[in-house]
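Here is the structure we will look at, set down as structure tokens.
The values are calculated or read from the model by the stated rules, or taken from the named source; none is laboratory data. This one's a predicted model, so the numbers in the text were calculated from it and none came from an experiment. Every residue, glycine as well, gets a Cβ built from its backbone with ideal geometry; the counts of neighbours run over all protein chains shown. With ligands, DNA and RNA removed, areas are computed over all heavy atoms of the protein, side chains included. Shrake-Rupley method; radii C 1.70, N 1.55, O 1.52, S 1.80 Å.
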Amino acid sequence: MDLNSVEPLVKLKKVWNYCTYNKPFFILVLILFVILNFLQDYYEPDKMGIVYLVFFNIFISGYWMTVTRDRISGGVRLPKILVKDVLNLGIKSTIVSAVYATVQGFVLDFVSSPMNFPEFDLEEMLLDFPETIHTLISHNPVDAASFIIMGAIIFYVTTFFMEIALARLADTGSIVAAFNLPEIKKDIDILGWKNYVKEYTAIILAIVLIAYFQYITLTDVYLNYIWGLLLDLFIYATQFLGIGAVYAQIKERKLQLAEEDHLILND
């Protein structure tokens with residue numbers, strides 16, 4: 001089997017090339033990532049700790065949103081850290097993510113709870129596959145099948161809307177665009193639901209592959225800490241580059257359709 005044809009591995013290679021295109025800057029981003037995480041671990045869960053936690057989440061989310069925006073625009077390397085842009089996108093994306101995640105959680109819980117299943121989360125289920133199998137076989141086959149089918153459909157649909165919402169926010173900077181559900185559905189329709197399932201599944205599998213490397217433990221405590229954060233960085237990069245890549249395809253297809261319509265009108 002040609003490993004270059006395995007989609008999750010292809011995505012990992014693209015993530016690696018993007019992140020390490022400018023190696024000194026990649027190391028700088030990693031150092032900043034380590035410092036911010038260290039401070040997060042350092043602060044006690046008091047008022048100051050909560051304030052820093054909010055700032056940390058906004059800053060990290062904002063920077064990776066700039067990565068999504070950069071990828072939509074055809075970028076090939078990690079973007080510069082522009083604090084104003086990072087904080088602006090960080091605040092907006094935190095709000096958007098919270099709203100969509102709340103709705104997704106409510107709907108998934110509505111499906112899972114009556115059958116006494118935990119909330120459906122494809123990534124977590126793949127990361128803890130033995131526990132997933134145990135959970136499924138401990139229920140009757142009908143409930144297990146219903147949970148998998150209904151949970152997967154709801155998970156994919158709600159996630160698609162959330163991902164496109166974040167991509168639209170990164171592209172336009174407009175929080176209103178992120179909640180324009182009819183336009184988001186049109187974007188998904190342009191790409192095709194089947195194609196989106198394929199793309200997003202490859203992204204999830206790529207993230208799961210990275211996460212499995214977390215089972216590798218280094219003997220030095222500090223190196224092990226950095227190793228874990230390095231993997232987290234690649235997980236973030238895989239997710240937000242994936243969002244940007246999908247939306248870039250949608251924008252390209254929109255342009256093609258517009259050109260086709262223009263040609264038809266001129267004939």
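Below is a table of values for the structure above.
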read-out	value
Matching residues in the range 183-203 - criterion: being within 15 Å of VAL157 (Cβ to Cβ), part of a helix (DSSP H, G or I) and either open to solvent by less than 40 Å² (accessible area, probe 1.4 Å) or not charged (D, E, K, R) (or both)	ILE184, ASP187, ILE188, LEU191, TRP193, ASN195, TYR196, VAL197, GLU199, TYR200, THR201
Subset of the range 164-220 (residues that are in contact with a Ser or Thr (Cβ under 9 Å, 6 or more places away or on another chain) and of a type in the set (Gly, Ala, Ser))	ALA165, ALA167, ALA170, ALA178, ALA206
From ILE184, ILE91, ILE154, ILE81, residue being closer than 30 Å to LEU28 by Cα, of a type outside the set (Asp, Glu) and touching a Phe, Trp or Tyr at 6+ places or on another chain (Cβ under 8 Å)	ILE81
Which listed residue, of ALA170, ALA206, ALA211, is in contact with a Pro (Cβ under 8 Å, 6 or more places away or on another chain), in contact (Cβ under 8 Å) with a residue 60 or more places away in the chain and closer than 30 Å to LEU230 by Cβ	ALA206
Which numbered condition ILE210 fails, given (1) under 15 Å from the mean Cα position of the chain (by Cα); (2) open to solvent by 50 Å² or more (accessible area, probe 1.4 Å)	(2)
Some residue of the range 225-239 being among the hydrophobic types (A, V, I, L, M, F, W, C) and either farther than 25 Å from LEU12 by Cα or open to solvent by 90 Å² or more (accessible area, probe 1.4 Å) (or both)	no
Qualifying residue in the range 205-217 (condition: in a helix (DSSP H, G or I), aliphatic (A, V, I, L, M) and under 30 Å from LYS84 (Cβ atoms))	yes
Number of positions in the range 66-111 that are free of Cβ contacts under 8 Å to residues at least 60 places away in the same chain, open to solvent by less than 70 Å² (accessible area, probe 1.4 Å) and part of a helix (DSSP H, G or I)	11
